[in-house]
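Everything on this sheet refers to the single structure shown next.
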Amino acid sequence: MECDEKLVRFRQAHLNPFNKQPGQGQHDQEAGDDLSCRDSLLGLSHGDPGFQCSERMMDLGLAEDHFSRPVGLFLASDIQQLRQAIEECKQVILELPEHSERQKDAVVRLIHLRLKLQELKDPSEDEPNIRVLLEHRFYKEKSKSVKQTCDKCNAIIWGLIQTWYTCTGCYYRCHSKCLNLISKPCVRSKVSHQAEYELTICPETGLDSQDYRCAECRAPISLRGVPSEARQCDYTGLYYCGNCHWNDLAIIPARVIHNWDFEPRKVSRCSMRYLALMVSRPVLKLREINPLLFNYVEELVEIRKLRQDILLMKPYFITCKEAMEARLLLQLQDRQHFVENDEMYSLQDLVDIQTGRLSCSLTEIHTLFAKHIKLDCERCQAKGFVCELCKEGDVLFPFDSHTSVCTDCSAVFHRDCYYDNSTTCPRCVRLSLRKQSLFRGPSAEEQA
């Protein structure tokens, strides 16, 4: 009975750091006696692994150091060093050639140094709201009910008792204790500087080229699973450990472009974040990468025709006051590249083409635009054409399906009339004669 009471007192003194009494030395001595008593009760020695495991279990919750202030209390020398680094970075920027890649990298470095200085100047909270590490811009999350997984240690983030951060650029999530352990730069910086896909299908080089180590954290890996299982990323072709490769599934751009294959494949966490950030960026020029794809995918031909028609409608909207007030071109604000060219595609465009969503939405927008030009707006109707070859029929527009457009002067004709006519374009002839008369006029006056 006496040993049980001592064991209870030991646990209270050892587990609750706020119940320390003024006579701390005496309690520490009693705790040592209680420890020996507890060991005798449990049959454990200090060298026994069970004893160490029990200690770790009791320290659960305190090891993460939720009650201390590891950040926020900074010395003045840290701020002085940062200010000196900022001044040196400014001098480097002035010395480097303008608009060079090195100068751009130096400017990015200067921005991160200033953000870090601002963070050090504000020690008012136990955990700062903003942390900048390796081009990551971490914000402290306030949600306590959502359960997330740390991208660094692969453990669950318990929002009620743990502080955690999310990068606003690549959405990297981690515990506050894992921030200083991050070794991978933010993926958004790569997207900003080098926005392009790997267009070779699973470019594998073998584990020996990686020295049998994880491509990201350099941990030892092997195909036998000892000491850690090697998992291949279908996007990069490299091998990763279980902490860096969670068997996430993603659509591979190279397989879509070359095989029109949209089946998701297993990729690493880094590739998953990169593909998620790149999915809406129009960086795929299909006519150059795989021009034969248009011969086998009918939906691509249909989408290309709709995009070409929208580009022909764009000059009408730019010069139309009613169209500008109605903001018709904002119908395509999610796909801004559709009103700039008809060649570039994003991976999301190809996915929507395959599912049929893009064809339906783009057809509706095309109908709305054509209705404004041909029926609703008198100004746009006045900019139509009359076929100068047959001089019959209704007003023609360059986006009509039964018309052809002169490549030189942009005049519009009936398709049958244009291809049956053996002579040149009447408007081109008229413009040519007008230019000749303008050149002849001043010369005739000089001779007179």
Taking the highest mean first, how do the peptides 300-308, 236-244 order by number of other beta carbon atoms within 10 angstrom per residue? 236-244, 300-308
Check cross-link reach from Lys142 to the lysines: straight Cα distance under 19 Å, and skip same-chain residues fewer than eight apart. Lys177
Distance cut-off 23 Å, Cα to Cα: go down the list Lys314/Lys371; Lys104/Lys152; Lys314/Lys374 and report the pairs above it. Lys104/Lys152
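Just need the Rg to Rh number for segment 233-352, please, alpha carbons only, Kirkwood Rh. Before the final figure, lay out the partial values.
Numbers: Rg = 17.9 Å, Rh = 16.4 Å.
Taking Rh as the inverse mean 1/r over Cα pairs, Rg/Rh reads 1.09.
Protein chains only, probe 1.4 Å: how do Met272, Met344 rank by accessible area, largest first? All intermediate terms of the calculation are to be shown ahead of the outcome.
Details: Met272 65, Met344 45 Å².
Reading off the accessible areas and sorting them downward yields Met272, Met344.
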So for segment 300-390, using the alpha carbon gyration tensor with a ≥ b ≥ c as root eigenvalues (a/c under 1.5 gives rounded; past that, a/b versus b/c decides prolate or oblate), I'd call it prolate
Percent carbon-and-sulfur accessible area, segment 331-448, ignoring ligands, DNA and RNA, probe 1.4 Å: 49 percent
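Where a ≥ b ≥ c are the square roots of the eigenvalues of the C-alpha gyration tensor, would you call segment 178-257 rounded, which needs a/c under 1.5, or, failing that, prolate if a/b is larger than b/c, or oblate?
Working: a/c = 1.97, a/b = 1.20, b/c = 1.64.
Since a/c reaches 1.5 but b/c is at least a/b, the shape of segment 178-257 is classed as oblate.
Largest first and in whole Å, what are the equivalent-ellipsoid semi-axes of segment 331-437 based on the Cα gyration tensor, each being the root of 5 times an eigenvalue? Intermediate results must be reported in sequence, preceding the final value.
Working: eigenvalues 219, 56, 40 Å².
Output for segment 331-437: semi-axes of 33, 17, 14 Å.
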So which lysines pass the test for Lys435, namely a Cα distance under 25 Å, with those fewer than 8 places away in the same chain ruled out? Lys383, Lys391
With all protein chains present and a 1.4 Å probe, how do Cys170, Cys217 order by accessible area, largest first? Cys217, Cys170
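The values are calculated or read from the model by the stated rules, or taken from the named source; none is laboratory data. Every value quoted in this text rests on a predicted model; they were computed, and no experiment measured them. Counting neighbours? That spans all protein chains shown, and the Cβs are built from the backbone with ideal geometry, glycine included. Only protein heavy atoms, including side chains, enter the accessible area calculation; ligands, DNA and RNA are left aside. Shrake-Rupley method; radii C 1.70, N 1.55, O 1.52, S 1.80 Å.
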